[in-house]
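The values are calculated or read from the model by the stated rules, or taken from the named source; none is laboratory data. On a predicted model such as this, the values are computed, not experimentally measured, just so you know. In this analysis, Cβ positions are derived from the backbone assuming ideal geometry, glycine residues included, and neighbour counts consider all displayed protein chains.
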């Protein structure tokens with residue numbers, strides 16, 4: 001029989017003992033260093049990825065100067081928990097389908113015009129009515145955002161509105177000079193929606209077509225003018241096919257929205273909701289409300305300095321004559337609001353007072 005050496009036996013026992021101690025220590029440390037239960041009210045915040053649909057080209061300032069930096073700021077403010085991917089150029093939804101697409105969850109977010117689905121937003125038409133003068137897009141955007149907060153219409157309760165912005169005032173761009181109301185008689189001008197009704201009231205012959213079709217129509221003489229923001233003179237090259245710009249800051253204003261699917265909004269942690277709303281206010285003030293002003297200024301300089309367009313300002317008497325003629329459109333709006341159980345005149349007065357206030361501030 002083999003005899004065990006006393007030293008080797010002791011070494012074996014010691015090794016086993018050390019191993020047991022090591023295993024016990026690791027188990028103890030694992031127990032102490034394990035994940036602690038999340039305290040009540042401090043539940044883990046999930047990462048949410050959202051798609052944003054809009055119709056502007058990827059190179060447009062609406063994408064480069066607003067959507068992209070806004071989305072980045074939201075991701076940073078929520079510590080990476082809300083990530084937004086933009087789909088410009090109607091790659092996800094057509095322009096007139098954006099709002100409904102957000103409501104139905106095809107896209108979590110959307111940017112488009114309320115007027116593309118005219119009739120769905122009856123109260124918000126007040127911000128595009130003719131006869132209310134805006135000095136620039138800053139003023140018009142501020143009026144719309146403050147007015148919407150004050151009026152809080154039922155028609156936008158099916159999404160979470162992030163912010164609104166506007167083109168600000170639009171002017172007439174024509175192939176023949178328009179200095180007097182009589183010059184409008186029978187003049188064929190590209191316009192859609194409420195703008196078409198406005199021009200018809202002034203004696204013109206509105207022709208409905210997309211802005212993208214206006215250049216060719218003007219160059220071929222199908223129409224003799226266009227009504228829209230000054231930026232179309234450069235962005236859509238319409239200064240190449242028109243010679244006169246008649247300033248009409250009381251005829252045109254287009255209202256855009258950025259809005260979120262309501263279920264998507266409600267699914268966010270309250271801390272992230274607060275962070276997003278804070279970002280919204282910053283970007284409305286610094287980027288959105290004046291987005292069209294820079295484009296309009298650059299386009300006007302280009303049209304006058306490089307293309308030789310003549311700028312025509314209506315006399316105060318002539319301007320009052322035009323505004324008086326479009327007054328029935330405001331009256332019609334007020335009557336429709338009354339029929340819906342709302343005070344149309346009160347809505348109108350709210351917007352007019354805000355316009356007076358912010359025109360003075362942003363003059």
Is it true that residue 108 is more than 21 Å from residue 294 (Cα to Cα), at pLDDT 95 or above and either over 15 Å from the mean Cα position of the chain (by Cα) or crowded, with 24+ Cβ neighbours inside 10 Å (or both)?
no
Tell me whether the stretch 76-96 contains one or more residues that are within 29 Å of residue 196 (Cα to Cα) and in a helix (DSSP H, G or I).
yes
Among (1) surrounded by fewer than 19 Cβ atoms within 10 Å (Cβ to Cβ); (2) more than 19 Å from residue 252 (Cβ to Cβ); (3) touching a strand residue (DSSP E or B) at 6+ places or on another chain (Cβ under 6 Å) - the single one residue 284 does not satisfy:
(1)
Matching residues, the stretch 67-104, being out of contact with any strand residue (DSSP E or B) (no Cβ under 7 Å at 6 or more places or on another chain) and farther than 19 Å from residue 163 by Cβ:
79, 80, 89, 90, 91, 94, 96, 97, 100, 104
Under 14 Å from residue 333 (Cα atoms) and surrounded by 20 or more Cβ atoms within 10 Å (Cβ to Cβ): does that describe residue 124?
yes
With respect to residue 289, determine if the residue is in contact (Cβ under 8 Å) with a residue 60 or more places away in the chain, under 23 Å from residue 141 (Cα atoms) and surrounded by 14 or more Cβ atoms within 10 Å (Cβ to Cβ).
yes
Residue among 246, 259 that is over 21 Å from the mean Cα position of the chain (by Cα) and assigned to a strand (DSSP E or B):
246
Scan of the stretch 232-243 for residues that are crowded, with 24+ Cβ neighbours inside 10 Å and assigned to a loop (DSSP other than H, G, I, E, B), ordered by number:
242
Anything in the stretch 293-320 that is over 14 Å from residue 249 (Cα atoms) and surrounded by fewer than 16 Cβ atoms within 10 Å (Cβ to Cβ)? List them, or say none.
294, 297, 298, 301, 304, 305, 306, 308, 310, 317
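For (1) in a loop (DSSP other than H, G, I, E, B); (2) surrounded by fewer than 24 Cβ atoms within 10 Å (Cβ to Cβ), each residue gets a yes or a no:
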| position | (1), (2) |
| --- | --- |
| 64 | no, yes |
| 69 | no, yes |
| 100 | no, yes |
| 112 | no, no |
| 119 | yes, yes |
| 133 | yes, yes |
| 149 | no, yes |
In the set 181, 202, 218, 227, which member is under 30 Å from residue 149 (Cβ atoms), touching a residue at least 40 places away in the same chain (Cβ under 8 Å) and touching a helix residue (DSSP H, G or I) at 6+ places or on another chain (Cβ under 9 Å)?
227
